Amino acid sequence: MFKTDFKSMGEKEPNNSRKTVQMKEVNKRPRINLPALRGFLSQIPGKFQRHLKSRFKRPTEREGANSDMFKLKDAKFNLEKQMQAWKKNPVWDDDQSTSIEVVVPKGSLCQLNVKTNVGLPPDAIYNIVTDPDNRRVFKNIQAVLSRKVLLDEGSRQIVELEQAAIWRFLWWSGTISVHVLVDQNREDYSMKFKQVKPGFMKRFEGSWRVEPLLLDEKLCHPFKPKTLSEYMSCTQCNGRIASKVTLQQLVEPAIVPPPPISWYLRGITAKTVEMLINDLVEEAARIKGASASDLVTTNSSLNQALSNEFQTLDIKERWALRRRKSRRNM
């Protein structure tokens, strides 16, 4: 029955089909769709933000596992109370050794991997590292030339930052401009930085990561806390929380100089990182009211780690050894 009706409609109104075709041809002409245009324009800021986000990778679930277990935004956790616990007992008797690893990936000057423990909660450490005026803490920052927040999501920010940094090595010193994009994420206490435009430096990038360390778990024995809420509860808010700080930094100049110049530049880079870590430890001690004598162990361990990396052989001896090896390979 339906087939018959469709056939009859086609026979009775042949002219309607011509009109339909004509209308379709008219509709093919371009027209300005104002609502669609407004919608496209309104998406430009969002697309720009997504472009910024794409430049930095978010941490994987495995990287953030420890932070998820000890969520520092716990209802029972209070930074002010935590600082009171540290001021009551500012001395940390546990081993606070600092390790520094210097590797030389192909084509780069060096990559530094530094790990150290600092006697302050992650929130306090993160406040120091991300403070816009942190040049008062880090002596190698001579001046902040410009700072612009490109994206602000509350706990996460992307900042374009340009600083004049000081470098020192033996009796030499100078300044260099550092222009980077910084991805700050307080949710997992991470900060990633990457050079904006290549110039003298082909690549300059790295990251900070801060993780919590529960120092007074023995107060909860035989119970082992699984969250910060449980830890603060069983220690009656007297349990201290320290921080495990990890700094990774890759330096790749546009032209990597040959030895022994590259050895000197590598030493300059390592000395600059040494200054950063020492300044961070000293600021943490000042905040919690520790005496200067409490800093001897931490600073000496960092100096020892650097001496193991750079003072195994004199520069001249290393150069002579390199030449002897090259002659043997000929």
Item to check | Wholly within the range 152-222, strands (runs of 3 or more DSSP E) carrying at least 3 residues that are over 19 Å from the mean Cα position of the chain (by Cα) and of a type outside the set (A, V, I, L, M) | outcome: 156-169, 172-185
Checklist outcome for this item: The correct count of residues that are among the hydrophobic types (A, V, I, L, M, F, W, C) and either touching a residue at least 60 places away in the same chain (Cβ under 8 Å) or farther than 25 Å from Lys271 by Cα (or both) in the range 174-226 is 10
Checklist entry - Right, Ile287: in contact with a Phe, Trp or Tyr (Cβ under 6 Å, 6 or more places away or on another chain), over 24 Å from Arg147 (Cα atoms) and either part of a helix (DSSP H, G or I) or at pLDDT 95 or above (or both) or not? => result no
Next on the checklist: Residues to consider are Leu219, Leu161, Leu181; find the one that is surrounded by 14 or more Cβ atoms within 10 Å (Cβ to Cβ) and within 30 Å of Cys237 (Cα to Cα).
Outcome noted: Leu219
Checklist outcome for this item: Inside the range 237-249, the number of residues satisfying the requirement of being surrounded by fewer than 18 Cβ atoms within 10 Å (Cβ to Cβ) and not in a loop (DSSP other than H, G, I, E, B) is 3
Checklist outcome for this item: Cβ pairs under 6 Å, 6+ apart or interchain, first in the range 270-291 and polar (S, T, N, Q), second not in a helix (DSSP H, G or I), ordered by first then second residue, are Thr272/Asn140; Thr272/Trp167
Item to check | Subset of the range 250-265 that is in a strand (DSSP E or B) and hydrophobic (A, V, I, L, M, F, W, C) - its residue that is surrounded by the most Cβ atoms within 10 Å (Cβ to Cβ) | outcome: Val251
Item to check | Long-range neighbours under 8 Å by Cβ, at least six apart or interchain, first residue farther than 20 Å from Lys115 by Cβ within the range 232-249, second in a strand (DSSP E or B) | outcome: Gly239/Leu214
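The values are calculated or read from the model by the stated rules, or taken from the named source; none is laboratory data. Remember, it's a predicted structure, so these values are computed and weren't measured experimentally. For neighbour counting, all protein chains shown are included, and Cβ atoms are generated from backbone atoms with ideal geometry for every residue, glycine included.
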